[in-house]
1. What nm value, rounded to one decimal, do you get for the distance between N132 and R273 when each label is placed 7 Å out toward the C-beta?
2. What does the highest-first list of 178-185, 100-107 look like by mean Cβ count within 10 Å?
3. Over the range 96-185, with a single point scatterer placed on each C-alpha, what log10 of the ratio I(q)/I(0) does the Debye formula yield at q = 0.14, 0.16 1/Å?
4. Ranked highest first by average number of other Cβ atoms within 10 Å, how do 311-322, 130-141 line up?
5. Binned at 10 Å from 0, what are the whole-percent values of the Cα-Cα distance distribution for the range 134-244, short to long?
6. So, by mean Cβ neighbours within 10 angstrom, what's the order for 236-243, 40-47 with the highest one leading?
Amino acid sequence: SGESPAGTSSPSMSNLEPHELPHWEEVQLNLVSARDYFANQLYSQLAHVPATMMCRRFFLRDSNDIAALQHVNSTEYRTNLRKRFSIHSLSGIDQKQKQYSKGHYFELDLYVKVRDGPVHLDSIFNRVVDLNDSESIVCLSNEDGQATTSAAECLSDIRLERGECFHFEITESPSCILEKMYQLDRAYALRNRIHKTNVVIKAMGVFVNGNKEIFKRNSVNILARWREDKEVMLIGKSGVPIFLIYTPCRNVFTSLDQVQTSLSHLEGKVEERLGKVEERFGKVEERLGKVEERFGKAQESNNSRFDEVQKTLWGFIAISMAFYVSSISGFKLTGQHGV
């Protein structure tokens, strides 16, 4: 999202006076487009959602709109926000107060009103975020306004009824998270100007691309400061759940990289398992060797015992034969003597 000075809205509205401008442009979510690839990809992956872009552009039409920005546009607010949340890898907020005039407009990346409800937020975002990856989702505040780390559960707990809204900003760089949080705060300051009736905002947050490690580091740092300094921002006092969500940019090249990574991972697993099989096979061979060794020793022992038994048996047979022969000889001699 961004902002543009008066007179630079869109060609169809360039000739309109400020009071003739609509307060916002409303468009179907599946018809939204953006200048950068990452945002366009997000819109295409959310095209199935039965929702309307409640406010794609918000125009400052009168002094009341400008007055609504007075707090978030003040030098004191900007300086305090920069002081509390800026770190070396996180871009800060310009401390200078900006001069807004009638006809100026703000772009809002994903300010959405649900047409058909009820619907849970995790089912809306299931194509753009890995709900099982705890490192991809950070919940700064849940529905009770408290900081939490069970972000996926917090996301799944949010249920939107028909006509309720959620607002997320989109950035390709983890260093711009704070800038996007400021844009959320600015839109929240204008909520009563955007909505003519009381519309409930059920969730807010930032979708982030870029280096995941930097996202993790920056989101953890913001979460740590949020617990102490969240009331510096209007959204911190709102009680609305706030999320920071890492979303990888999926295109042909990243898909091929993911396939290659998956194949390398599988190859590594196969090699690891083959190594374990070879190790187990080696142990089996070792055990078989020991069994053969024991069997050989047992066979030698049995052969030795068999030889001893055989010798004893032959000895017994020899003695028996000798006794038999001698007994027969004695019988014959006795017979002959009697004749």
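Each value in this text was obtained by applying a stated rule to the coordinates, not by laboratory testing. These numbers come from a predicted model, not from an experiment. Heads up, the Cβs are rebuilt from the backbone with ideal geometry, glycines too, and the neighbour counts pull from every protein chain shown.
1. 1.7 nm
2. Values: 178-185: 22.4, 100-107: 18.9.
Ranked by mean Cβ neighbours within 10 Å, highest first: 178-185, 100-107.
3. -0.64, -0.81
4. On the way: 311-322: 10.0, 130-141: 19.0.
Going from most to least packed, we get 130-141, 311-322.
5. With a bin width of 10 Å, the distribution comes to 14, 49, 32, 5, 0.
6. The most tightly packed comes first, giving 236-243, 40-47.
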